[in-house]
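> What follows is a single structure, and I will ask about it in a moment.
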């Protein structure tokens, strides 16, 4: 018996015939699997309310929240505040995405750009955007400008971090191929850099959309006169727990739907990849 025979790994073809092949993947996707967790949470909430385990003054029952939401829709308060909140979050998300992407390209394609930009952005990463609110209020007041800037600060960092990481992890063989083909800088960015950084950018967008709603929750409760956060803060003053729960559920649904939209775009844009989730 040779050394080659002793060290050669046993493949699936040489495995004993009676032993089935072990499947290591998570399994087939569960239809509507993303809805199972929220539905179970809703069921526990409803059961606790029906059994009297939850004090309605502390946590309103689901059916009370649904009735309250219907009343808010009927008098137009919910749609008006939702439109204003969506406008703030969308504007901050758009500005932050552009800033984060541009800075990632500058730092990822230039050593000087990285030396100048990466350090300050890493410092900003260590400082939560919400911790800057007192300073932003002093600089910009309590108007719309401060709110949009706060959301932008909560968005651009994850976009930058993950896009920059995607750029730095592009296989060097593709770069060498571009140099061999004598690609111009613009063609190199269009054909190699942007496709290579796309997975990181989309991952950063998943963090960014959630960060936009998290920042919005806070800034709308600082001397606002409109928005979902203002509606919740007004309800707190009058002890309306059901209205507060409506706002929380709405924030949760908006974050879930936003993340789902980015995940759908991610699956379609990266359909060529074979991963553990497939």
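> Can you find a residue in segment 47-68 that is at pLDDT 85 or above, under 30 Å from residue 197 (Cβ atoms), assigned to a helix (DSSP H, G or I) and out of contact with any helix residue (DSSP H, G or I) (no Cβ under 6 Å at 6 or more places or on another chain)?
Looking through segment 47-68, none of the residues is at pLDDT 85 or above, under 30 Å from residue 197 (Cβ atoms), assigned to a helix (DSSP H, G or I) and out of contact with any helix residue (DSSP H, G or I) (no Cβ under 6 Å at 6 or more places or on another chain).
> Just to be sure before I move on: is residue 247 closer than 30 Å to residue 110 by Cα and either surrounded by 16 or more Cβ atoms within 10 Å (Cβ to Cβ) or over 20 Å from the mean Cα position of the chain (by Cα) (or both) in the structure I sent?
It is false that residue 247 is closer than 30 Å to residue 110 by Cα and either surrounded by 16 or more Cβ atoms within 10 Å (Cβ to Cβ) or over 20 Å from the mean Cα position of the chain (by Cα) (or both).
> Something else: All but one of (1) part of a helix (DSSP H, G or I); (2) on the phi > 0 side of the Ramachandran plot hold for residue 215, so report the exception by its number.
All conditions pass for residue 215, except number (2).
> With the checklist (1) within 21 Å of residue 128 (Cα to Cα); (2) at pLDDT 85 or above in hand, flag the one item residue 234 doesn't pass.
Status for residue 234: all satisfied but (1).
> Which condition breaks for residue 224 when tested against (1) more than 18 Å from residue 88 (Cα to Cα); (2) surrounded by 19 or more Cβ atoms within 10 Å (Cβ to Cβ)?
Just one mismatch for residue 224, condition (1).
> Shifting gears a bit: Does segment 247-264 include one or more residues that are farther than 18 Å from residue 149 by Cα and not in a helix (DSSP H, G or I)?
no
The values are calculated or read from the model by the stated rules, or taken from the named source; none is laboratory data. Source: prediction; values computed, not measured. Positions of Cβ are generated from backbone atoms using ideal geometry, with glycine treated the same way; all protein chains shown enter the neighbour counts.
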